[in-house]
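Inspection log for the structure reproduced underneath, given as structure tokens.
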Amino acid sequence: MPRSFSAAPRRETLLYKNQPLSYTLVFRSRRTIGFAVRPDGSVHVSAPAGISAEWVAQQVLKRADWILKHQATFASRPAPAPSRRFEAGSTQYYQGQPYRLRFESAPRATVSLAGEELVLATPTTPTPAQAEALLHAWYARQASAHFADSLERVWPRFAEFNLTRPALFVRAMRTRWGSCTPRSARIRLSPELVRARPECLDYVLLHECCHLLVGDHSKAFYDLQTRLMPDWKQWKAELNALPK
């Protein structure tokens, strides 16, 4: 078997439309040239060993519009949401407002709001995992009332369709905010939604209600969602920016 070859990476820069376009070039044992744009916007080019860097530069220029398009796509994506912490003094959210988490001693576990603080009272100081579980249970207890209020705000937008009013259920979900079963008009919503502003909750509920009419995420679905809530992208972005 022939040994593979890979030269040390080299940094190259050329001008395209009077703007610098930089890329990392590596010569390898391969027959074709390959291009990759990574999420951080960096450009990587793998080229066959033995060809000139000048020839590679010509190929990069030919693919420049493709490269810039992908860089713009990655740049437009929102930054990953920060991770949640559950130590005393950490920031927790309820109805879109930030609260400082405070621990205090009490005979039994309770969670309550006190001014700008979210107070977690327990017989002994909770571990982060215990604090997370207590807060999640508290969010779940608040959820039904907030979901019912949201349906009162959202459902009138569907009056023209003469649909069966959906039944709402609180359901813990790891990878989604909600789900819908159109046949039974059942909508399940994550209790974590009460951490967000009511407008974000309304967006998720409206999204699931749209599935009562369109089961997939086709253009028809998004056209309907946009007609019923023109600013839904704003609330989706805000929701996804919440610490996970």
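The values are calculated or read from the model by the stated rules, or taken from the named source; none is laboratory data. Everything quoted here is computed from the prediction, not taken from an experiment. Counting neighbours? That spans all protein chains shown, and the Cβs are built from the backbone with ideal geometry, glycine included. Only protein heavy atoms, including side chains, enter the accessible area calculation; ligands, DNA and RNA are left aside. Shrake-Rupley method; radii C 1.70, N 1.55, O 1.52, S 1.80 Å.
For the range 49-60, what does the Karplus curve 6.51 cos²θ - 1.76 cosθ + 1.60, with θ = phi - 60°, yield as ³J(HN,Hα) per residue in whole Hz, taken in order and with x for Gly and Pro?
Coupling constants for the range 49-60: 4, x, 8, 8, 5, 5, 5, 4, 4, 4, 5, 5 Hz.
With only Lys, Arg, Asp and Glu charged, each at its Cβ (+1 for the first two, -1 for the last two), find how big the charge dipole of the chain is about the Cα centre; round to the nearest 20 debye.
For the chain, the charge dipole is close to 1000 debye.
Using the Cα centre as the reference, give the magnitude of the dipole from point charges on the C-beta atoms of the range 5-83 (Lys, Arg: +1; Asp, Glu: -1; all else neutral), rounded to the nearest 20 debye. Write out the running numbers ahead of the final one.
On the way: 11 positive and 4 negative charges, 35 e Å.
Roughly 160 debye, rounded to the nearest 20.
Any idea of Arg227's accessible area? Nearest 10 Å², probe 1.4 Å.
Approximately 140 Å² of Arg227 is accessible to the 1.4 Å probe.
Once amide H atoms are placed 1.01 Å from N in the peptide plane, what residues at a sequence separation of 5 or more from Leu118, or on another chain, have their amide H within under 5 Å of its amide H?
Arg100, Leu101, Arg102
Enumerate the calculated ³J(HN,Hα) couplings along the range 107-116 in order (Karplus 6.51 cos²θ - 1.76 cosθ + 1.60, θ = phi - 60°), each rounded to whole Hz, writing x wherever the residue is Gly or Pro.
x, 9, 6, 9, 10, 8, 9, 9, x, 9
Three principal axis extents, largest first, for the C-alpha atoms of the range 11-52, in Å?
On the principal axes, the range 11-52 reaches 31, 24, 15 Å in Cα extent.
Taking DSSP loops as anything outside H, G, I, E and B, show the longest stretch in the chain free of GluC sites (Glu not before Pro) there with at most 15 other beta carbons within 10 Å.
After excluding every exposed loop site, the longest remaining stretch is 117-244.
Can you count the Lys pairs in the chain whose Cα atoms are under 23 Å apart, with each pair 8 or more apart or on different chains?
For the chain, the number of qualifying lysine pairs is 8.
Would you mind calculating the relative contact order of the chain from Cα pairs under 8 angstrom and at least 6 residues apart, reporting the percent as a whole number? Display every interim value, and only then the final one.
Numbers: 360 pairs, mean separation 32.6, N = 244.
Averaging sequence separation for qualifying contacts and normalising by length gives 13 percent for the chain.
Can you compute log10 of I(q)/I(0) for the range 152-244 with the Debye formula, treating each Cα as one identical point scatterer, at q = 0.10, 0.15, 0.24 Å⁻¹?
Cα-only, vacuum Debye calculation for the range 152-244: -0.23, -0.54, -1.44.
What's the extension gain from Asp231 to Arg108 if we count 0.36 nm per residue and subtract their Cα-Cα distance? Don't skip to the answer; put the middle values down first.
Working: separation 123, 0.36 × 123 = 44.28 nm, distance 4.33 nm.
Net length gain for the segment: 39.9 nm.
Please compute the Kirkwood hydrodynamic radius over the chain, one decimal place, Å, based on all pairs of different Cα atoms. Numbers along the way, then the final one.
Values: mean 1/r = 0.0449 Å⁻¹.
Roughly 22.3 Å, rounded to one decimal.
Once the Cβ-Cβ distance between Asp40 and Asn162 is put in as r, and R0 is 41 Å, what FRET efficiency do you end up with, to the nearest 0.05? All intermediate terms of the calculation are to be shown ahead of the outcome.
Numbers: r = 50 Å, r/R0 = 1.21.
Efficiency, from the Cβ-Cβ distance: 0.25.
Which of rounded, prolate, oblate describes the range 49-164, given a ≥ b ≥ c as roots of the alpha-carbon gyration tensor eigenvalues and a/c under 1.5 marking rounded, otherwise prolate only if a/b is larger than b/c?
Oblate, because a/c is 1.5 or more while a/b does not exceed b/c.
Put +1 on the Cβ of every Lys and Arg and -1 on every Asp and Glu Cβ in the chain; which of Phe147, Asn240, Tyr99 then has its Cα farthest towards the positive end of the dipole?
Towards the positive end, the residue furthest out is Asn240.
For the range 139-199, just say rounded, prolate or oblate: build the C-alpha gyration tensor, square-root its eigenvalues into a ≥ b ≥ c, call rounded for a/c under 1.5, and beyond that prolate if a/b exceeds b/c, oblate if not.
Working: a/c = 2.19, a/b = 1.44, b/c = 1.52.
Oblate, since a/c reaches 1.5 and b/c is not below a/b.
So what are the ³J(HN,Hα) numbers for the range 211-216, from phi and the Karplus equation (6.51, -1.76, 1.60; θ = phi - 60°), rounded to whole Hz, Gly and Pro as x?
5, 5, 9, 10, x, 10
With every protein chain kept in the model, how would you rank Ile187, Ile51 by accessible area, 1.4 Å probe, largest at the top?
Ranked list, largest accessible area first: Ile51, Ile187.
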